[in-house]
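Q: This is the structure, below, for whatever I ask next.
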Amino acid sequence: DNHYVPNLTFGAGVCKALKNYGITAPVDVHLMVSPVDRIIGDFLEAGADIITFHPEASHHIDRSLQLIKSGGAKAGLVFNPATPLHYLDYVLDKVDQILIMSVNPGFGGQKFIPMTLEKLREARKVIDASGRD
């Protein structure tokens with residue numbers, strides 16, 4: 001979208017085309033756009049089953065998660081290597097999926113960032129402490 005990252009992989013039209021083609025596998029959309037709320041509805045209308053976004057891209061994370069869930073999709077948060085997990089503190093009950101990125105957003109071909117393994121362990125502890133799976 002040239003705001004959150006300088007490139008765009010595909011839009012809601014591709015998601016809709018997959019659904020129209022008869023794809024039965026869940027369509028999992030990882031939004032790297034800002035502001036995120038503006039485009040959530042497009043992907044819900046296109047039939048996305050799971051929508052995840054970066055908390056930095058939302059002015060109101062709780063509202064963005066509710067927007068996704070009220071549209072019938074599962075909702076999740078995406079954490080960049082340097083993004084703290086504290087964004088989960090007040091919304092974990094609304095999150096269906098957590099994605100920990102092992103590279104910085106933007107382009108493919110980057111080297112794995114080893115410290116993300118520790119972030120993954122921390123996220124698991126947060127989930128376990130909440131009683132959720």
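The values are calculated or read from the model by the stated rules, or taken from the named source; none is laboratory data. Just so it is clear, the model here is predicted, and its values are computed rather than measured. Cβ atoms come from the backbone with ideal geometry, glycine included; neighbour counts cover every protein chain shown.
Q: Scan segment 24-33 for residues that are closer than 19 Å to ILE100 by Cα and either assigned to a loop (DSSP other than H, G, I, E, B) or more than 10 Å from the chain's Cα centre (by Cα) (or both) and jot them down.
A: VAL27, MET32, VAL33
Q: Are any residues in segment 62-103 assigned to a strand (DSSP E or B) and in contact with a helix residue (DSSP H, G or I) (Cβ under 9 Å, 6 or more places away or on another chain), and if so, which ones?
A: Result: LYS74, ALA75, GLY76, LEU77, VAL78, PHE79, ILE98, ILE100.
Q: Taking into account only those residues within segment 43-61 that are over 13 Å from the mean Cα position of the chain (by Cα) and not in a loop (DSSP other than H, G, I, E, B), which is surrounded by the fewest Cβ atoms within 10 Å (Cβ to Cβ)?
A: So, considering only residues that are over 13 Å from the mean Cα position of the chain (by Cα) and not in a loop (DSSP other than H, G, I, E, B), the one surrounded by the fewest Cβ atoms within 10 Å (Cβ to Cβ) is GLU45.
Q: Those residues that are aliphatic (A, V, I, L, M) and either more than 16 Å from THR83 (Cβ to Cβ) or more than 15 Å from the chain's Cα centre (by Cα) (or both), I need them from segment 93-122; list them, please.
A: Matches in segment 93-122: ILE113, MET115, LEU117, LEU120.
Q: For segment 123-132, check the following and say yes or no: at least one residue is assigned to a helix (DSSP H, G or I) and basic (Lys, Arg).
A: Within segment 123-132, one or more residues are assigned to a helix (DSSP H, G or I) and basic (Lys, Arg).
Q: Tell me, please, whether a residue that is closer than 20 Å to SER130 by Cβ and not small (Gly, Ala, Ser) can be found in segment 18-40.
A: No.
Q: If a residue must be without any contact (Cβ under 8 Å) to a residue 40 or more places away in the chain, under 25 Å from ASP49 (Cβ atoms) and surrounded by 10 or more Cβ atoms within 10 Å (Cβ to Cβ), how many such residues does segment 102-133 contain?
A: The number of residues fulfilling the criteria is 6.
Q: So which of VAL95, VAL103 is in contact with a Leu (Cβ under 7 Å, 6 or more places away or on another chain) and of a type outside the set (Gly, Ala, Ser)?
A: VAL95
Q: So, one more: How many residues does segment 18-42 contain that are modelled with pLDDT of 90 or more, hydrophobic (A, V, I, L, M, F, W, C) and surrounded by fewer than 21 Cβ atoms within 10 Å (Cβ to Cβ)?
A: Within segment 18-42, residues that are modelled with pLDDT of 90 or more, hydrophobic (A, V, I, L, M, F, W, C) and surrounded by fewer than 21 Cβ atoms within 10 Å (Cβ to Cβ) number 3.
Q: Residues to consider are LEU88, LEU92, LEU99; find the one that is surrounded by fewer than 19 Cβ atoms within 10 Å (Cβ to Cβ) and over 24 Å from PHE10 (Cα atoms).
A: LEU92
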